[in-house]
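Below you'll find the structure, written out as structure tokens, and then a few comments.
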Amino acid sequence: MKNLVEELRWRGMLQDMTPDTEQQLNKEMTAGYIGFDPTAASLHIGNLVSIMLLVHLQKAGHKPFALVGGATGMVGDPSGKSEERKFLDEEVLRHNQECIKKQLAKFLDFDAGANSAEMVNNYDWFKEMGFLQFLREVGKNLTINYMMSKDSVQKRLETGLSFTEFSYQLLQGYDFYYLFKNKNVKLQMGGSDQWGNIVTGTELIRRKDGGDAFALTTPLLTKADGQKFGKSESGNIWLDATMTSPYKFYQFWLNTNDAELPKLLRIFTLWDRETIEAFDNEPDKNKVKRELAREMTTRIHSENDYEQAVKASELLFKGSLDDFQQTEENILNEIFEGVPQVEISKEEYSHTANVVDLLSVATGGQLFASKGDAKRMLKDGGVSINRQKASEDTPMNFELLKEKYLLVQKGKKNYFLVKLI
RNA sequence: GGGGAGAUUCCAGAGCGGCCAAAUGGGACGGACUGUAAAUCCGUUGUUGUAAUGACUUCGAAGGUUCGAAUCCUUCUCUCCCCA
């Protein structure tokens, strides 16, 4: 058994622990869990931090449990949220649960003997429980005073907090208790925003059962300037290839801030200390980013996806129009799978009078939402077509690449393929 | 149940009868500089455009007053605070 705490410590993944957590982990194989609420159809790279905690737990010889929050997802966690959220409808939740379950399954080893991973869904033990039973079994053990003192609750007293969200901590607390009783799970981990919810669980276990349970949290991942991590211009970075293409995923890592690299390497990769420290000292930061992007893209997606992403990136960022012309069409299609493509009929293209129309209405607003938007960007010199800066009165006589493509650049990094069909 | 405050463009937050498509800040996007980095500086940030003190749609919802409303009145919906 490896020393998990030591490992997390040097990786900077340790925020807080309850007393004696380290002793417990070093004493015996310990089962630990982390919950994931099905708020979307895919996990994102923020969740990946939690997943890595489970991975490290398992690698250290302990038993990881991934909990899908089928029940808690129906209520909504107020932690870190500034306002009450809308309910997701049950059908969406069920769909999300299934998707998340599949994703989680990819990261853990479910066939590792004694410390095989397990997946549970808290809906399974909450669906049978009635409200009265819940009040008697759970509610009685904790005081309102205790619940009110939580950070997540305090922050919401001004802006409003429904009874439902207020109760969330009890549900999560009961999860821990249930897993403690039935699966001998003694540890719950999570982001530091989960601390309050987690210790509600250890408290419940202590009061109901006199049992000893432990908590361990990891710092919330933020950008160097304190902002939320894991968002790009186009929103969240999802682990699902249909929601964030491998090309975009690869680009995301490639575009990370230099200052964040040491942190990212420690949190997201499984590389050992020597390797990572060597990267810290590497002066060519782009090289480090390429390695990171490679590691992440191959692990989350696949070797092949990674290769396509690299090829697409090379062709778009470094290649000339000639390189483009010379690439075989079927290869081109494959490479550009993840690059946004916009289709337009030849008919429509031939009737399009100017660049502004082409970039806005003719392409259904996918490149630019409106004509005004397109014009503004053209005026600012932010648009290139086939590598040539375009302006409002650029004539519509572009050479079609492969007789059917136009390569459109919005800014330096956003590429689109306009495809004539 | 009683009393008070409020709902403004992505967010925060000004405006409180015409000069308001709506200050300011943040975010986002673009440009310059670079390394597909950061910092910095500059620009853009409702639609449409004969490009204009133009037209159209926006200031929680629906009505009304007025030559004219984000601004006044009525009703409704929602939120917060205080008292019971």
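Calculate the FRET efficiency for A:Glu282 and A:Asp111 from the Cβ-Cβ distance with a Förster distance of 41 Å, rounded to the nearest 0.05. Calculated transfer efficiency: 0.65.
Averaged over its residues, chain A has an accessible area of 48 Å² per residue, based on protein heavy atoms and a 1.4 Å probe.
Of all accessible surface on the range A:231-321 at a 1.4 Å probe, what whole percent is carbon and sulfur? Write out the running numbers ahead of the final one.
Numbers: 2050 of 4320 Å².
Roughly 47 percent of what the probe reaches on the range A:231-321 is carbon or sulfur.
With a 1.4 Å probe and all protein chains left in place, how much of the accessible area of the range A:51-98 comes from carbon and sulfur atoms, in whole percent? With neighbouring chains kept in place, the figure for the range A:51-98 is 52 percent. Helix A:168-183 and the long axis of chain A differ in direction by around 70°, with both axes built from C-alpha atoms. Residue separation of A:Lys181 and A:Asn3 scaled by 0.36 nm, minus their Cα-Cα distance, works out to 61.6 nm of gained length. Of the cross-linked pairs A:Lys379/A:Lys413; A:Lys81/A:Lys248; A:Lys59/A:Lys181; A:Lys379/A:Lys412; A:Lys248/A:Lys389, those separated by over 20 Å at the C-alpha level are A:Lys81/A:Lys248; A:Lys59/A:Lys181; A:Lys248/A:Lys389.
Would you tally the net charge around A:Asn184, using a Cβ to Cβ cut-off of less than 13 Å, leaving A:Asn184 out, and scoring K and R as +1, D and E as -1? Can you show the working numbers first?
Details: positive: A:Lys63, A:Lys181, A:Lys183, A:Lys186; negative: A:Glu28, A:Glu118, A:Asp209, A:Asp212.
Charge balance in the 13 Å sphere: 0.
Shown here: the range A:1-117, whose C-alpha atoms stretch 43, 34, 21 Å along the first, second and third principal axes, sorted largest to smallest. Calculated mean residue ellipticity, 222 nm, chain A: -12500 deg cm²/dmol, from DSSP H runs (n ≥ 4) at -39500 (n - 2.57) each, averaged per residue and rounded to 500. Bridge orientation summary for chain A: considering DSSP beta bridges with both residues in this region, about 45 percent are antiparallel.
So if we plug the beta-carbon distance of A:Leu135 and A:Ser192 into 1/(1 + (r/R0)^6) with R0 = 30 Å, what FRET efficiency do we get, rounded to 0.05?
Numbers: r = 30 Å, r/R0 = 1.00.
So the FRET efficiency works out to roughly 0.50.
With one equal scatterer per alpha carbon and no solvent term, the Debye-computed log10 I(q)/I(0) for chain A at 0.06, 0.09, 0.13 1/Å reads -0.32, -0.67, -1.12.
The values are calculated or read from the model by the stated rules, or taken from the named source; none is laboratory data. Quantities reported herein were computed from a predicted structural model and do not represent experimental measurements. Virtual Cβ from ideal backbone geometry, glycine too; neighbours counted across all protein chains shown. Side chains included, ligands, DNA and RNA excluded: accessible areas come from the protein's heavy atoms. Shrake-Rupley method; radii C 1.70, N 1.55, O 1.52, S 1.80 Å.
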